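The values are calculated or read from the model by the stated rules, or taken from the named source; none is laboratory data. Note that the structure is predicted; figures quoted are calculated from it, not measured. Don't worry about glycine lacking a Cβ; one is built from the backbone with ideal geometry, like all the others, and counts go over all protein chains shown. Just the protein is used for accessible areas: all its heavy atoms, side chains included, with ligands, DNA and RNA removed. Shrake-Rupley method; radii C 1.70, N 1.55, O 1.52, S 1.80 Å.
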Amino acid sequence: MSIFKSATFYTTVNHLKDLPPTRAEVAFVGRSNAGKSSAINTLANRTRLAYVSKTPGRTQHINFFDLGHERFMVDLPGYGYAEVPEAVRAHWVQLLGRYLQTRDSLVGLILIMDSRRPLLELDRKMLAFFRDTGRPVHILLSKSDKLSRSDQQKTLTMVRRELADYPAVSIQLFSSLKKTGVEQVEQVVEAWFDAVLKEQDSLPDSE
């Protein structure tokens, strides 16, 4: 069974000091209207595991989901447009940024972009910001069902070309509505977890 289908809500935090101790976790992030929550729900085969709203920016905290076997999925606040006070927005930016750059148990980032509008300025900033961590990024070009088959391939080729020099990045088409691309995401994330956990298991116990 897919690791995502066993997901259960674990905790939500609004301050880094409250982050739970975990061994390995993968984070999902994207613009506020890119379809992040829908992607999480599709992967978990649930309807409301992650809250989907018509108002962008509803994910205001860092939400943790237990995948079992010491693995966790993390739903991060959306970036970009959100009808929230500036003070709240500034807190999100600080929380998101510090989490991404300092979280030791973060093994990789799933970055969701709307396939009709990929690589917008904030998407590029997110990639540049996370690049220094050296951890892998897997991009989901969401809502691909909105494009014709030829446009899907054109978009995929364009994004791959523009990110050819970016280290440890992979890209795929994804549709929550059609549930296409699910298995590919599962394979990528399971490979990340397996590699990190095996590496940890091979280390000698510290005294």
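List nothing, just return the count: lysine pairs in the chain, 8 or more apart or interchain, with Cα separation under 23 Å.
Step by step, the pairs that qualify in the chain add up to 26.
Pick from V185, V13, V107 the residue whose mean-square fluctuation is largest in a GNM of the chain, springs joining Cα atoms under 10 Å.
Of the options given, V13 has the highest mean-square fluctuation.
Taking H as built 1.01 Å from N, whose amide H comes closer than 5 Å to the amide H of D114, not counting residues under 5 places away?
Excluding prolines and chain starts, which carry no amide H, the hits are S142.
Any idea what % of Cα-Cα pairs in the chain are farther than 32 Å?
It works out to 12 percent of all Cα pairs.
Tabulate in residue order the Karplus-calculated ³J(HN,Hα) for the range 28-36, using 6.51 cos²θ - 1.76 cosθ + 1.60 with θ = phi - 60°, rounded to whole Hz; enter x for Gly and Pro.
Using θ = phi - 60°, the values come out as 10, 9, x, 4, 4, 10, 8, x, 5 Hz.
Using a simple spin-label model with points 7 Å from Cα along the Cα→Cβ vector, what separation in nm is obtained for E162 and T102?
3.2 nm
Determine the calculated [θ] at 222 nm for the chain from helices alone, applying -39500 (n - 2.57) to every DSSP H run no shorter than 4 residues and normalising by the residue count; nearest 500 deg cm²/dmol.
After summing the helix terms and dividing by the residues of the chain, the value is -11500 deg cm²/dmol.
Do you know the relative contact order of the range 72-207, to the nearest whole percent, from alpha carbon pairs under 8 angstrom that are 6+ apart?
Relative contact order, the range 72-207: 22 percent.
Show me, for the range 68-75, the HN-Hα J-couplings you get by feeding each phi into the Karplus relation (A = 6.51, B = -1.76, C = 1.60, θ = phi - 60°), rounded to Hz, glycine and proline as x.
x, 6, 6, 10, 9, 10, 10, 9
Given a 1.4 Å probe and heavy atoms of the protein chains only, how would you sort T133, T47, T102, largest accessible area at the top?
These residues rank, largest area first, as T47, T102, T133.
Be a star and scan the range 171-203 for residues whose amide nitrogen sits under 17 Å from the point 7 Å along the Cα-to-Cβ vector of S6.
186-198
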